Amino acid sequence: MDHSIGATVLPAGMPKEALPLSFDEAHLISRSRDGDAAAFGELVQIYERRVYNLAYRMCGNREDAADLAQEALVRAFKAMRRFREQAQFSTWLYRIVVNVCLDHQRSRMRHPTVSLDEPVTGDDGDIPRQVVADEPDPSEHYDRAETQAAVHRAIGRLAADHRAVVIMRDIQGLAYEEIAEVLGIALGTVKSRLNRARMALKEELQRAELLTPPGVYAGSRDVSRGEESQR
Amino acid sequence: MSCDRLKDLLSLYIDDKLPAEQRRQVDEHLAKCPDCAAELAMLRQAVALAGSLDDLELPEGFHVAVQAKLAEAAATANAAPAAEAVSSAAPGPIPIAQGLLIRTRTALRRPLWRGALATAAAVVLLFAVVSNALPGWNGNVWQLLSYRDTQLREPGVLGGGTAPDAGTDTETKAPGINQGTDAAGKGDGTGVSEGGDRLVGILTDTSVGIGNMIIRTGTLTVQVEKFTEAERQVNTIVEDAGGYIEQSSASLDDTIKSGWFRIRVPQDEFTAVIARFEELGTVRQKEMGSEDVSAAIVDTEARIANLRRQELRLGELLGQAKTLDEILRVENELNRVRYQIESYEGQLKYLQNRVAMATIALSLKEPGDPADPPVPGADIWRQIWKAFVNTWRGIGRFAVGLVVFVASVAPVALLIGAAWWAFARYRGRRPSSGS
């Protein structure tokens, strides 16, 4: 769960450290700082999907997500000269993406109805990525797409700062320390904000009737797929 | 511990981030407070639901758009510093790109040139970036363009890097540069004519015609005097052009023969073949189309390169996996990645095939086809005569049809008549036999 954002797509539970880097990221970073667009372009290949997904969850719809992700990447490239080596590149990049998304939302405050009702169709053919315990039945696929859309909408209804921490922690699996660095806030603030954000998410999901009350929990449909509740 | 205080800690409790002492207190409270336990269960479900959201794939064209925007940004920011970085005193044979920059450097002092150079640099960088996104042919471009630290960008250092001689291969199959860029380079570079031409020269030599990834299609209907004769000619034309007939159909039984062909010919022969088809007879209908698939191809190739990298990493991970569960998970992921690679490669092959071979839908008809619209201004008496004859023919056809109908009904009528006659006789005899 604690895999960080440094790698492309990791199987659930794989630590980033387990991955041998097949090319020299540091080298690309240093060339990018010299204004080498090609090097930055290559560097970006590692992150662009995550950047796009972060923007998607932040702003709610695909069109804005593509625009915002691209804008963030270009801004990052322009700001590369100011990137300090001691910072982690991924968190630095994330910070820019989050800021771009928040700016975008602020600029749209006059029209607060952000289109969050876009259905999440199962078009990214990797739905079976999760390890499913039981034999999957065909109806589950539909169920799953529907549930995903509803959860996506619930996240969209959260306050922006709550949304940001939930996305980074629970969807993208960043460590607390990384989130603190991305948002430029203290670790303690991350903890309390995450707590409030998760509570708010719980309320939203409850309202959307996506949570099973514990009384009927045993034997009902397993909403915690892949993630064991007991630690 | 109060319930309110506990609720502040649940999130950390779920992530197992509480110090041992606090954790124990939470456990104790949960054991005796069903409300808080329920709260925890719900929160866990919420967190798990958020975690079950799948990542979206990047939208089509995203990667290319990013690279283009980066190149643009680099061009505006980099033009001046890049020129300053080159030393002006370089005697003897100098690399082309370096020579170009030295020559334009003196010009840089006048502000007018800066815009022109920025545009030229944008062109170079765009190509450099796009070329980099295409694995397999970035070596040569970079040898010419990275004037600052060629030694750093050795092939193999980067993921997509290949041997420098990969460039020779691309030279042969890329006759020219993207026309749009070519025009832009020349149009904006009038001031730096020498440098500008040089620049275009470099790119013409090394770039794959990325703007040439165009699917061409044509639809043609030709009216011919003799279908069979025209069909033979079509075969010859297609063979001459090095193409083939993908599918064809002909109706030869009718008095008016016609047929259609779906023909694939090499891209370069497309125009010539269309022209030869037009000579077969009178062109009745013609439609030409083209679709630029460069972006789709670059995108797909980038995706494949990315997935190959993942595949490699997963392969290495598989070697390190210890437990059965780990192995299964990695293999699951590996299968998924390989499946995606295959499907993208299929897409790529399809696109490349469509680009290499243009498609022509040719339809041949002999004159007099009833589907042909009447020629305007045609002889009115002929039309009246035709209508008159047609009506007579219709009456004739009706008469024949009637005779045929009667003939076909006759056996049934005979049978029914016989049955009725037999029945009538039976009825007629019965009262007499009963009395």
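FYI, it's all coordinate maths here, none of it is from the lab. Computed from a predicted model, the values in this text were never measured in an experiment. Cβ atoms come from the backbone with ideal geometry, glycine included; neighbour counts cover every protein chain shown.
Overview of values
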read-out: 10 Å Cβ neighbours from other chains, averaged over peptide A:40-47; value: 6
read-out: Environment charge of B:Leu6, counting only residues whose C-beta is closer than 12 Å and scoring Lys/Arg +1, Asp/Glu -1; value: -2
read-out: Farthest toward positive dipole pole in segment B:294-355 [+1 Lys/Arg, -1 Asp/Glu at C-beta], among B:Leu307, B:Gly319, B:Ile297; value: B:Ile297
read-out: Cα centroid separation - segment B:231-288 against segment B:57-72, whole Å; value: 40
read-out: Residues whose placed amide H lies under 5 Å from that of B:Glu246, excluding near-sequence neighbours; value: B:Arg262, B:Ile263, B:Arg264
read-out: Test item: B:22-34 mean partner chain Cβ contacts at 10 Å; value: 0
read-out: For segment A:31-110 versus segment B:308-322, the gap between their alpha-carbon centres in whole angstrom; value: 28
read-out: Label-to-label distance, nm, for residues given as A:Ala159 and B:Ser408 (7 Å Cα→Cβ offset); value: 8.4
read-out: For segment B:3-51, diffusion coefficient by Stokes-Einstein and Kirkwood Rh (Cα), 4 °C, 1.567 mPa s, µm²/s; value: 119
read-out: Fewest-first sequence of A:Leu68, A:Leu187, B:Leu324, B:Leu280 by Cβ atoms within 10 Å of each Cβ; value: B:Leu324, A:Leu187, B:Leu280, A:Leu68
read-out: Label-point separation, B:Ala38 to B:Met1 (7 Å along Cα→Cβ), nm; value: 2.0
read-out: For segment B:213-294, diffusion coefficient by Stokes-Einstein and Kirkwood Rh (Cα), 25 °C, 0.890 mPa s, µm²/s; value: 182
read-out: Of every Cα-Cα pair in segment B:294-355, the percent that sits beyond 19 Å; value: 40
read-out: Within 10 Å of each Cβ in A:205-212, the average number of Cβ atoms from other chains; value: 3
read-out: Mean separation of Cα contacts under 8 Å (6+ apart) over length of segment B:294-355, as relative contact order %; value: 49
read-out: For peptides B:8-21, A:42-55, sequence by mean Cβ density within 10 Å, most packed first; value: A:42-55, B:8-21
read-out: Net +/- balance of residues flanking B:His63 in space, Cβ distance below 10 Å, scoring K and R +1, D and E -1; value: -2
read-out: By average C-beta atoms within 10 angstrom, highest first, the peptides B:342-354, B:407-419, A:154-166, B:231-243; value: A:154-166, B:231-243, B:342-354, B:407-419
